[in-house]
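> Before anything else, here's the structure in question.
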Amino acid sequence: MKGLIYGSALAAVALTFSTLSVQAADVTTPIARIVPAETSLPGSDTPQNATHHIALAVESADLAQLVLSLPADVKPPTAVQVTNQAGESVETNVTIAPQQVVINFTKPVPVGTTLAVSLQGVRRITSANVLVYEVAARRSGAKGLTPIGSASVRAYGPAQQ
């Protein structure tokens, strides 16, 4: 009889742990991941007019917002364009600040979409050849941001003040 009680208790504990581990796996699934891309193209005349490209694959939840923290080595872009994998423009409301770019999507971006973010008119103010953007995202319906990772952009040409 004791063996049956202990066996039942052990089974209940094992079931609890297996349920917890499944829930933990769901929490750690990334919202999106940064996709390697052709990341920096000089503009028509000088590197002062460079366009930096960052690509993201939306993986586990619809995306409501992206926040890009700008490297200390650049001045904010003059414009931001977002397209999907078909090259179609994605409707956004963009706020450009000295230290970050906030991209709010007018409609949540569905799972399975790959986004290309083009930061236009970027000016590099130091001689750094690799610029690192920190990327965070907000799931549709969530309040807080989730860090996605870092996007490295290779810069060309001399720095512009």
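The values are calculated or read from the model by the stated rules, or taken from the named source; none is laboratory data. Note that the coordinates shown come from a computational prediction; the quantities given were computed from them, not determined experimentally. Cβ atoms come from the backbone with ideal geometry, glycine included; neighbour counts cover every protein chain shown. Ligands, DNA and RNA are excluded from the accessible area calculation, which covers all protein heavy atoms including side chains. Shrake-Rupley method; radii C 1.70, N 1.55, O 1.52, S 1.80 Å.
> Only one of these conditions is not met by F105: (1) among the aromatic types (F, W, Y); (2) out of contact with any Asp or Glu (no Cβ under 8 Å at 6 or more places or on another chain); (3) assigned to a strand (DSSP E or B). Which number is it?
(2) is the only condition that F105 fails.
> Right, here's the next one. Inside the range 126-140, can you point out the residues that are touching a strand residue (DSSP E or B) at 6+ places or on another chain (Cβ under 6 Å) and open to solvent by less than 50 Å² (accessible area, probe 1.4 Å)?
L131, Y133, V135, A136, A137
> What is the number of the single condition among (1) farther than 14 Å from L68 by Cβ; (2) at pLDDT 90 or above that R123 does not meet?
(2)
> Next up: Within the range 63-97, how many residues turn out to be surrounded by 18 or more Cβ atoms within 10 Å (Cβ to Cβ), in contact with a Pro (Cβ under 9 Å, 6 or more places away or on another chain) and not in a strand (DSSP E or B)?
Of the residues in the range 63-97, 1 are surrounded by 18 or more Cβ atoms within 10 Å (Cβ to Cβ), in contact with a Pro (Cβ under 9 Å, 6 or more places away or on another chain) and not in a strand (DSSP E or B).
> Going by the conditions given, is G121 farther than 18 Å from I34 by Cα and surrounded by 14 or more Cβ atoms within 10 Å (Cβ to Cβ)?
So G121 fits the description; yes.
> Still on this structure, I have one more. Quick one: in the range 98-118, which of the residues that are of a type outside the set (V, I, T) and open to solvent by 50 Å² or more (accessible area, probe 1.4 Å) is farthest from the chain's Cα centre (by Cα)?
Across the range 98-118, the extreme among qualifying residues is P98.
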